[in-house]
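**Student:** Have a look at this one.
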Amino acid sequence: MALATCWAVVPRPSTSLRHAQLCSSLQSCHFPTHACRASSSSKAETRLARDDLLDLIQTEERGLKTQHNANKRAHILEAIEALGVVGRDQTTTDDALSATWRMLWTTEKEQLFIIDKSPLFGTQAGDILQVIDVQKGTLNNVITFPPSGSFVVDSTIEVVSKQRVNFRFIGAALFVNGRRIAVPPFGKGWFESVYLDESIRVAKDIRGDYLVVDRAPYDWNSPAAA
């Protein structure tokens, strides 16, 4: 019996069991390669892989708790790898990449440090965003500090493959109380969006960090334009 048919007729399993089923189906397919690939990209498997990942990260405080739980981190990374298999034939660098993306979970230590330590400065980190415009070739990394503060890093981007984008930092600034405080930017690199749909995107980068984002329910506008 096809795996997708099995999911349709049995009760929905627990997160850990769903993950085991998915990994087994993606890694141990006994059908010819083209048939296995078609199976792995089915809607049922995609939904299962995405739900598994979202279930695993929902209580992780954007990755803060994951830093101190190696077992949970391993399960999340396995779920990311499984979703990457589902999305391996996707093109994720076209116009669908253009959006205001809101961070749900990451392994990036700098962002997690800011989230964790911002209360020491009398504030709280709000939404953390990636604002991408493929046509314009721009990327803004944004950490918001409600009600009106933000830290913004501006980059240029270049699509180099169906899933990889190169970026180069060109500017950075802290916006607080109507003031702009410039910060010297530095660095360049790449990220790969290994999965993308109408709701979420999963990426890994040159440093081996991972990012899970959803489409924000609003469009971000630069405070410099206000």
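**Student:** Of the conditions (1) of a type outside the set (Phe, Trp, Tyr); (2) in the same structural domain as LYS136 (by TED's automatic domain parsing); (3) exposed (fewer than 14 other Cβ atoms within 10 Å of the Cβ), ALA172 satisfies every one except a single condition; which number is it?
**Tutor:** (3)
Results for (1) in a helix (DSSP H, G or I); (2) under 16 Å from ASP197 (Cβ atoms); (3) modelled with pLDDT under 95, shown as yes or no for each residue.
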| site | (1), (2), (3) |
| --- | --- |
| CYS29 | no, no, yes |
| ARG37 | yes, no, yes |
| LEU48 | yes, yes, yes |
| LEU53 | yes, yes, no |
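**Student:** Tell me, which residue of the range 155-214 that is among the polar types (S, T, N, Q) and part of a loop (DSSP other than H, G, I, E, B) is farthest from THR66 (Cα to Cα)? I'd like the intermediate steps shown before the answer.
**Tutor:** Taking the range 155-214 and keeping what is among the polar types (S, T, N, Q), we get 155-156, 161, 163, 166, 177, 193, 199.
Then keep just the ones that are part of a loop (DSSP other than H, G, I, E, B); that gives 161, 163, 177, 199.
Working: SER161: 31, GLN163: 26, ASN177: 33, SER199: 23 Å.
Here the answer is ASN177.
**Student:** Filtering the range 91-124 down to residues that are out of contact with any Ser or Thr (no Cβ under 8 Å at 6 or more places or on another chain) and part of a loop (DSSP other than H, G, I, E, B), which residue is nearest to ASP219 (Cα to Cα)?
**Tutor:** Here is the first cut: in the range 91-124, the residues out of contact with any Ser or Thr (no Cβ under 8 Å at 6 or more places or on another chain) are 91, 94-96, 98-104, 106, 108-111, 113-123.
Restricting the remaining residues to those that are part of a loop (DSSP other than H, G, I, E, B) gives 91, 94, 98, 108, 122-123.
Values: THR91: 23, ASP94: 19, SER98: 11, GLU108: 24, GLY122: 27, THR123: 23 Å.
The residue in question is SER98.
**Student:** Here's another thing I want to ask about it. Please go through the range 55-87 and give me each residue that is in contact with a helix residue (DSSP H, G or I) (Cβ under 7 Å, 6 or more places away or on another chain) and not in a helix (DSSP H, G or I), ordered by number.
**Tutor:** Scanning the range 55-87 gives GLU60, LEU64.
The values are calculated or read from the model by the stated rules, or taken from the named source; none is laboratory data. Every value quoted in this text rests on a predicted model; they were computed, and no experiment measured them. Cβ atoms come from the backbone with ideal geometry, glycine included; neighbour counts cover every protein chain shown.
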